[in-house]
Structure formats: structure tokens, C-alpha cells
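Here is the structure we will look at.
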Amino acid sequence: MKSYILITGASSGIGYQMAEQLAAKKFNLILVARSGDVLKRMKVELSSIYGVDVQFITMDLSVPENAKKLFDIVKSQSLLVTHLVNNAGFGDYGSFLETSMENEVDMINLNVSSLVILTKLFAQDMALRKSGRIMNVASILSFLPFPYYSVYSATKTFVIAFSETLAAELEDTGVVVTTLCPGTVETPFHTDGMRKTNAMSTNKPMPAKDVAAAGVNLLLHGKGKKVVGFNNWFISNLPRITPSSIMMTIKKNLASQRKS
Ligand SMILES: NC(=O)c1ccc[n+]([C@@H]2O[C@H](COP(=O)([O-])OP(=O)(O)OC[C@H]3O[C@@H](n4cnc5c(N)ncnc54)[C@H](OP(=O)(O)O)[C@@H]3O)[C@@H](O)[C@H]2O)c1
């Protein structure tokens, strides 16, 4: 049976770059996202350039039932998933009183519910084999939830809490759970509103390639969590030494939009 790395959100940004870097390292891949046309093109390109087997499954993971469907498809095709990357996710920016409730429910479903369902199903399989690695993509906002990103920050705080506790639980099972925590990354993730914030101008986005390289290393060899980049590591630790009321004022300022 061939073994595979399954990456959700592989059609763009960090996931796309991780797919390419893992193919270059000769890993077979299962790519998942909604954009089937992009995934199909990636399958052709990555398999011809790197000589690896690339499968793709088009799936909307903001519908939690589809996470189970995805697992069932993988099992029915007898694809052995040795590594799972829960990377698919999106955010929104704006006043909670005005942002779309439907969008927020989709966000919670994708960033949290589907991530938990996929982690459970694949972790159970991996534990039976006493081997496997799961990497969940959180964010620097997992450590410092930002105003105007209230629901998104909360989903990523969930991801870090879930992943770190699960890593401890599964310590003796052969299943390693890690968490990648990027700061801002140059990808289509950012809405126009996000791009106008003070945070985006003071902490310049990192190239997706560099963040993906850190992710690939963590997925294949790492333990625990990885905050990508020294600046981001420093910022993520600020709440430890700063009173929370001051911290919230700083965060509100960073998350506000530039005047000019
Ligand atoms: N960019 C940043 O600054 C940043 C910072 C910290 C953390 N992150 C996290 O990093 C991860 C990757 O984000 P990115 O920056 O690479 O963003 P991106 O370029 O927008 O990529 C998001 C990926 O998720 C997929 N996706 C979105 N909605 C989906 C759905 N309903 N079902 C299945 N797949 C879906 C997208 O594919 P389709 O549209 O084809 O479905 C795409 O492949 C996310 O979890 C994000 O929260 C990003």
C-alpha cells in the first residue's frame, strides 16, 4: 500500500507551497480543497516534475459532514495516510456587530470542527499502526487574540489548545501532533480590510515559501509548536510580561486600520 501525506487547503498559499516542497522530497500527496481545477493542475505538474503519486479530492470542509466523507474516500481508495496536515482555514476582519454570521459559522466549521473530525479519524488509524504525524495550522493570534478578528482568533486559540493537549495525550501511542503558528504570511488569506491594518504595515508578511519550509520541517521531524520567525516568537510571548489591559490596548491599536 502506498503511503501519502494529506494536506487540506493545498490549492493556495502555505498549503500549496508545502505540497510543492514535500513533492520535491519525494512524498506522495493527497491534496484537498474546493478548487478542483487548481488541484488537478497541481497533480499533473507535481507528479511529472517530481515523479511522485499525487491524488486530489475536491471537498468543501466548511460542511463538517464532508470531513468524515473525505476520510471515507481515502479509506475506500486504500490510500495510507502517514501524515495529516490540517491547514485549510480562513479568517475575517471587522466589527463583530457587522460581520456575516453565516461566514463565521462556516469559519468555525472549517477551522475547528473539520479539523477535529479529521484529527480524530486519522489519529485513531495512526494509533492502531503505532505511527503517524499530524500538524495543525494555528496562528500567532492563538497567543494574542485580536479585536476585529474575534471569531478567527478564537478558532486559532482552539487549535493550539486542542493540539497541545492532544500531543500530550498521544505521547506514547506513536502519533505525534504538532502545531504550526505563522504570523502574517503573504497569501490570498488577507481581505482588503486586513491589509489596511497597522499590524500589516508594522509586521511585514513573511513569504509563504519560508513559512511552508518551517511547516515541512515541523511536520516531518518536529515536536510541539513552532512560531515562525523571531519577531513573531517575540510578539507571541508579549502577553506573558504585559498586563492584559495594556495588551488589549496595544492589540486594538494594531488591529485598527491606518488613518491615511
Ligand atoms: N496568511 C496568514 O497571514 C496566516 C497567518 C496565520 C495563520 N494562517 C493560517 O494558515 C492556513 C493557510 O492559510 P493561507 O494563508 O495559506 O491562506 P490561503 O492562501 O487563502 O489558503 C487557504 C486554503 O484553504 C482552502 N480552503 C478555504 N476554505 C475551504 C473550505 N471551505 N474547504 C476546503 N478548503 C478550503 C483554500 O482552498 P479553496 O479556496 O480552493 O477551497 C486554500 O487552499 C489557514 O489555516 C490560516 O488560518 C494564515
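The values are calculated or read from the model by the stated rules, or taken from the named source; none is laboratory data. Predicted model, so just to flag it, every value in this text is computed and none were measured. Positions of Cβ are generated from backbone atoms using ideal geometry, with glycine treated the same way; all protein chains shown enter the neighbour counts.
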From Lys69, Lys75, grab the single residue that is within 27 Å of Lys130 (Cβ to Cβ), within 16 Å of the ligand (Cβ to nearest atom) and at pLDDT 95 or above.
Lys69
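Looking only at segment 98-112, filter to residues that are charged (D, E, K, R) and exposed (fewer than 13 other Cβ atoms within 10 Å of the Cβ); which one of those is farthest from the ligand (Cβ to nearest atom)? Explain how you work it out, then say what you get.
Of segment 98-112, the ones charged (D, E, K, R) are 98, 102, 104, 106.
Cutting the leftovers down to exposed (fewer than 13 other Cβ atoms within 10 Å of the Cβ) gives us 98, 102.
Details: Glu98: 21, Glu102: 13 Å.
Result: Glu98.
Yes/no matrix, rows are residues, columns are (1) polar (S, T, N, Q); (2) outside any helix (DSSP H, G or I); (3) more than 12 Å from the ligand (Cβ to nearest atom):
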site: Asp172; (1), (2), (3): no, yes, yes
site: Val176; (1), (2), (3): no, yes, yes
site: Thr179; (1), (2), (3): yes, yes, no
site: Met194; (1), (2), (3): no, no, no
site: Ala212; (1), (2), (3): no, no, no
site: Asn217; (1), (2), (3): yes, no, yes
site: Lys252; (1), (2), (3): no, no, yes
Residue count, segment 213-224, condition buried (at least 21 other Cβ atoms within 10 Å of the Cβ) and either closer than 13 Å to Thr184 by Cα or not aliphatic (A, V, I, L, M) (or both), comes to 1
When segment 194-205 is examined, which residues are found to be more than 18 Å from Asn231 (Cβ to Cβ) and surrounded by fewer than 15 Cβ atoms within 10 Å (Cβ to Cβ)?
Arg195
Buried (at least 17 other Cβ atoms within 10 Å of the Cβ) and either within 16 Å of the ligand (Cβ to nearest atom) or at pLDDT 95 or above (or both): is that true of Ser95 in this structure?
no
Taking only pairs six or more apart or across chains, which ones have beta-carbon atoms under 7 Å, a first residue in segment 20-42 that is closer than 22 Å to Leu220 by Cβ and polar (S, T, N, Q), and a second residue that is part of a loop (DSSP other than H, G, I, E, B) and more than 9 Å from the ligand (Cβ to nearest atom)?
Asn28/Lys2; Asn28/Val52; Asn28/Asp53
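Evaluate segment 246-254: report whether one residue or more is crowded, with 21+ Cβ neighbours inside 10 Å and at pLDDT below 95.
Yes; the residues of segment 246-254 include at least one that is crowded, with 21+ Cβ neighbours inside 10 Å and at pLDDT below 95.
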